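The values are calculated or read from the model by the stated rules, or taken from the named source; none is laboratory data. As the structure is a prediction and not an experimental result, all values here were calculated from the model. Counting neighbours? That spans all protein chains shown, and the Cβs are built from the backbone with ideal geometry, glycine included. Side chains included, ligands, DNA and RNA excluded: accessible areas come from the protein's heavy atoms. Shrake-Rupley method; radii C 1.70, N 1.55, O 1.52, S 1.80 Å.
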Amino acid sequence: MEAFDHFLTAESLTRAAEKVQRRLPLERFQEDRLPLGQMRAWRAAAESAASAASVIERVEAAKAVLRGQDHTVEAERGFWDPDRYIPAVRTLYHGLRLISSAHYPSELTPHNFTMSYSNDSSEDVLAATLDEDQNPFIEFYREQVMPRLLEREPRVLGLSVLYGSQLIPALTLARMVKAALPDCHITMGGGFLAYIGDKVMAAPGMAECFDSIVFHEGERPLLMLCEALRLDEGLEDVGSLAWWDRS
């Protein structure tokens, strides 16, 4: 939620619009007939050129409508008024399309996040965590999240991956934290990892991103993991846990 709030600001959208102009200049698409493979890129460039200024101007007001924080004459009708709710939501959708265009061919929606990299390939997933052109979360983590984590210096960081679309954002943050705070134990869990956790643990390079995975329900194992780390004990008695032995 914090990432979406950050992306949907006038400042972030202005930077995104400038990035679209650098990465997808409309001058590139001057042929009378575009190859099918370029149609999405052309649409991203054209849509951004047509709507960016309007979206940037309206985004803060749109968020205020949904939060019930706007102070316009129409505010008393509430965000549940379709005449106010629908335009506000549409503005936020267009804002995310602008962020997506800046990181083309990635697509960020309220419900999903996809890149050109495949979740089925560990090499792709790891490469995606380093690709600043396509991965909007790298800049967000570096500017907004990492300074606070570095100040707190947590001993344990838990990341929940419920859906496949969360895997790359989660591993992106995990990799950055692991590089900056090598003594922080990063554990991951969630429904998606319950299915692919074994493959993730076996994939080369994943040990650079995190330390352990909790399979299935995590409340009790997470408590046991924190207690074992606090007492500097082994992890053998922690249930449903897979980890790399770094001793």
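Maximal additional length on extending the Glu47-Leu229 stretch stands at 60.4 nm, based on 0.36 nm per residue less the C-alpha distance. Here the accessible area is traced with a 1.4 Å probe on the protein chains. For region 58-185, carbon and sulfur cover 52 percent of it.
Site pair Ala3 and Asp81 shows an inter-label distance of 3.5 nm when each label is modelled 7 Å from Cα along Cα→Cβ. Dipole size of the chain about its Cα centre, with +1 on Lys/Arg Cβ and -1 on Asp/Glu Cβ: approximately 680 debye, rounded to the nearest 20.
Would you tally the net charge around Asp131, using a Cβ to Cβ cut-off of less than 15 Å, leaving Asp131 out, and scoring K and R as +1, D and E as -1? In short, -2. Think of the chain as having a plus end and a minus end, set by charges on the Cβ of Lys, Arg, Asp and Glu; of Gly197, Ser160, Tyr85, Tyr85 sits farthest toward the positive end of this dipole.
Summing charges over neighbours of Leu34, with a neighbour being any other residue whose Cβ is under 15 Å away from its Cβ, gives 0 when K and R count +1 and D and E count -1. The residues packed around Ile213, meaning those with a beta-carbon under 12 Å from its beta-carbon, carry a net charge of -1 if Lys and Arg are +1 and Asp and Glu are -1. Rounded to the nearest 10 degrees, the inclination of helix 167-180 to the longest alpha-carbon principal axis of the chain is 60 degrees. Between Val156 and Asn112, the distance separating the two model label sites (each 7 Å from Cα on the Cα→Cβ line) works out to 3.5 nm.
In this simple spin-label approximation, Ser121 and Arg15 carry label points 7 Å from Cα along the Cα→Cβ vector, and these lie 2.9 nm apart.
In the list (1) 33.3, 120; (2) 21.6, 75; (3) 21.1, 69, the label attached to Rg and Dmax of the Cα atoms in Å as derived from the coordinates here is (3). With the whole protein complex present, Phe113 retains an accessible surface near 20 Å², based on a 1.4 Å probe.
Taking all Cα pairs closer than 8 Å and separated by 6 or more residues, the relative contact order of the chain comes to 13 percent.
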